[in-house]
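Asks: Right, I'll just put the structure down here and ask away after.
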Amino acid sequence: MAAIEMSHIVKRYGDGFPAVNDVSLDIADGEFMILVGPSGCGKSTLLRMIVGLEDITSGDMVIGGKRVNDKAPRERNLSMVFQNYALYPHLTVYENIAFPLRLAKAPDAEVKAKVEQSASILELHEHLQRKPANLSGGQRQRVAMGRAIVREADAFLFDEPLSNLDAKLRGQMRAEIARLQRRLGITTVYVTHDQTEAMTLGDRVCVLKKGVIQQVASPRELYEQP
Ligand code: ADP
Ligand code: ADP
């Protein structure tokens, strides 16, 4: 059974041309899937429909074997990392990472253990009492990832998570995300318009154009194409 199954997904904003047009795509358990394509091709819209931040006009979204079309984000057990990180400026690194556990009303001892474990995986333990404003771009990115991994989500969703970093840091964080995904073995959907990210990070790449899937292939298959 696929972790995420999309069949004939359509998204129409207003009465214009569909932003996502009849997309059918299965993402396997533990797979790292890249959604790539030019600006405006519908990548973010598709990702937001998976996480539940955008209504689906028609089609079926099935996650973990359950149809989730009408389920709110909090009912889907997914972790999303946003482009701007969406950290809470008034909260410490510790509380930013703890946030999903606080929402779930986890006991303090469990929060502490899990936050410390996430912080240790992401090498953030020295920064737990700092506020986001006092962190570098790479550290903020790590806090956003810490918040994503702190609870056992069914999948990670990334929306251009590296676009606010400089080239050097981007390369470093790219390697970190790849390592983290392999270590946790968690189903991942990653949106990017960056060819290097698309060709180096994923098990498979889904190429979108004007809301339609052009191709789904491994980086190797794409690379070997004439
Ligand atoms: P991408 O992530 O590939 O850049 P998007 O999913 O953001 O593409 O956008 C796909 C299309 O849908 C674009 O034509 C965009 O202008 C349109 N669109 C995105 N969000 C909205 C919205 N909230 N209202 C109306 N149109 C939107
Ligand atoms: P509400 O039910 O109050 O509308 P939501 O559950 O839609 O709240 O989302 C609340 C906030 O959490 C929003 O700012 C949204 O961007 C963010 N959010 C929603 N789903 C996720 C997720 N899976 N991971 C991380 N942040 C999320």
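Quick note: the coordinates plus some simple rules give every number you see, no bench work behind them. Predicted model, so just to flag it, every value in this text is computed and none were measured. Neighbour counts are summed over all protein chains in view; Cβ atoms, including those assigned to glycine, are modelled from backbone coordinates with ideal geometry.
Asks: Suppose the chain between M199 and E224 were pulled fully straight at 0.36 nm per residue; how much longer would it get relative to their current alpha carbon spacing?
Replies: Here the segment from M199 to E224 would lengthen by 7.8 nm.
Asks: Between L53 and R182, with labels modelled 7 Å along Cα→Cβ, what's the label distance in nm to one decimal, could you check?
Replies: 2.9
Asks: Roughly how many debye, to the nearest 20, is the charge dipole of segment 65-153 about its Cα centre, given +1 on each Lys and Arg Cβ, -1 on each Asp and Glu Cβ, and no other charges?
Replies: 320
Asks: Further question on the same structure: Starting from the amide H of V212, placed 1.01 Å from N in the peptide plane, find each other amide H under 5 Å away whose residue is 5 or more places distant or on another chain.
Replies: Excluding prolines and chain starts, which carry no amide H, the hits are N21.
Asks: Distance cut-off 21 Å, Cα to Cα: go down the list K11/K43; K131/K168; K71/K112; K11/K210 and report the pairs above it.
Replies: K131/K168; K71/K112
Asks: Per residue of segment 123-139, what does 6.51 cos²θ - 1.76 cosθ + 1.60 with θ = phi - 60° give for ³J(HN,Hα)? Whole Hz please, x for Gly and Pro, Karplus curve as stated.
Replies: Computed from phi, the couplings for segment 123-139 are 6, 10, 4, 7, 10, 4, 9, 8, 9, x, 4, 9, 10, 6, x, x, 5 Hz.
Asks: Moving on. Name the long-range amide H neighbours of A155: under 5 Å, sequence gap of 5 or more, or other chain; modelled H, no Pro or chain starts.
Replies: S79
Asks: Here is a follow-up. Subtracting the Cα-Cα distance from 0.36 nm times the residue separation, let me have the gained length for E126 to D70 in nm, one decimal.
Replies: Result: 16.1 nm gained on full extension.
Asks: Follow-up question, since we're still on this one. For the chain, what does the convex hull of the Cα positions come to per residue, in cubic angstrom?
Replies: Hull volume normalised by residue count: 130 Å³.
Asks: Mind giving me the nanometre distance, one decimal, between the label points for E152 and H8, set 7 Å out from Cα along Cα→Cβ?
Replies: The modelled label-to-label distance comes out at 3.6 nm.
Asks: What length, rounded to one decimal in nm, is gained on full extension from Q117 through to N134, with 0.36 nm per residue of separation minus their alpha-carbon distance?
Replies: Stretched out fully, the Q117 to N134 stretch lengthens by 3.9 nm.
Asks: Using the Cβ atoms and a cut-off under 14 Å, what net charge is assigned to the surroundings of H125, where Lys and Arg are +1 and Asp and Glu are -1?
Replies: Residues near H125 contribute +1 overall.
Asks: Select from S118, L91, F156 the residue farthest towards the positive end of the dipole of segment 88-160; place +1 on Cβ of Lys and Arg, -1 on Cβ of Asp and Glu, and compute about the Cα centre.
Replies: L91
Asks: In whole angstrom, note down how far apart the Cα centers of segment 105-181 and segment 187-210 are.
Replies: 20
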